[in-house]
Each structure stands twice: as structure tokens, then as C-alpha cells.
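Structure first, then comments.
The values are calculated or read from the model by the stated rules, or taken from the named source; none is laboratory data. Bear in mind that the values here come from a model prediction, so they are computed numbers and not experimental data. Reconstructed Cβ throughout: ideal geometry from the backbone, glycine too, with neighbour counts over all protein chains shown. Heavy atoms of the whole protein, side chains included, go into the accessibility calculation; ligands, DNA and RNA do not. Shrake-Rupley method; radii C 1.70, N 1.55, O 1.52, S 1.80 Å.
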Amino acid sequence: QVQVVEFGGGLVQAGGSLRLACAASGRTFNRMAWVRQAPGKEREFVAAINWDGSTTSYTDSVKGRFTISRDNAKNTVYLQMNSLHPEDTAVYYCAVRSPPSTDYNYWGQGTQVTVSS
């Protein structure tokens, strides 16, 4: 049984930092990502990382502020978020891809990140 669980959301002031973690279990995951959804908006890709951490990608609005990483021994992916803006307020979801799927086929329940101005 696959489980995907996020940790680390909360309330922070603008300019502050938060670190999200996502623990996935039950399968092997070759790609892991963070996706967010702000109130009244569509889901937005934030960052992704491949199986060995050698390749990462970010949406333009978080480049230079957010860092995605993973620990395969723990099957965990992290999102370090620095210099947070109020516009980063959203529910952050962890999405993972397990072969042979070519899309993210398992999702967590989401964790709320609120950045106050």
C-alpha cells in the first residue's frame, strides 16, 4: 500500500523560511515533486527532482528561493523555502511517480503554508 504524507507546513512572516518534508512508502519512486494550490487558483507545479537527485526543476517564481532535495534511504523529499512571500501562501502537495507510470500517480493530502505580510 502506497502512502504519501507531508509534514512541515505552518504560518510564517514574509521573508521567513519553512521546510516541508514528504515521506513516501510502498513503492519505488523515480520522480518526486511539490505542487501547490492557492485559494481560487489552479494547482501549480513548484519543483521536482529525479530519482538520484541529479536533476531538479523549479517554477520561475521560486527559483533562487526554494530548494528541493531527497533522501532515498528514507524515501523522503524536502522543500526548503526561504525568503517567503505572501504569494507563496497555498496548500502544498507532494506528488510522486512510480514506474511504469509516466505521470505522478500518488499524491499526499497537502499541507497548508501561510505567509503573512
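Distance between the 7 Å Cα→Cβ label points at ASN72 and SER25: 2.0 nm. The smallest convex shape that holds all Cα atoms of the chain, its convex hull, gives 95 Å³ per residue.
Where does the charge balance sit around ALA48 when Lys and Arg score +1, Asp and Glu -1, over other residues with C-beta under 11 Å from its C-beta? Net of charged neighbours comes to +3. Rounded to the nearest whole angstrom, the semi-axes of the ellipsoid equivalent to segment 65-109, taken from the Cα gyration tensor as √(5λ), stand at 23, 14, 8, largest first. Eigenvalues of the alpha-carbon gyration tensor of segment 22-66, scaled by 5 and square-rooted, set the equivalent ellipsoid semi-axes at 21, 15, 7 angstrom, largest first. Charged neighbours of ARG97, selected by a Cβ distance under 12 Å, balance to +1 (K, R count +1; D, E count -1).
Surface exposure of segment 1-71, expressed per residue as accessible area with a 1.4 Å probe, stands at 55 Å².
What the Kirkwood sum gives for segment 1-48 is a hydrodynamic radius of 12.9 Å, with every pair of different alpha carbons counted. Compute the signed sum of charges (Lys and Arg +1, Asp and Glu -1) over the other residues within less than 12 Å, Cβ to Cβ, of VAL113. Result for the local shell: -1.
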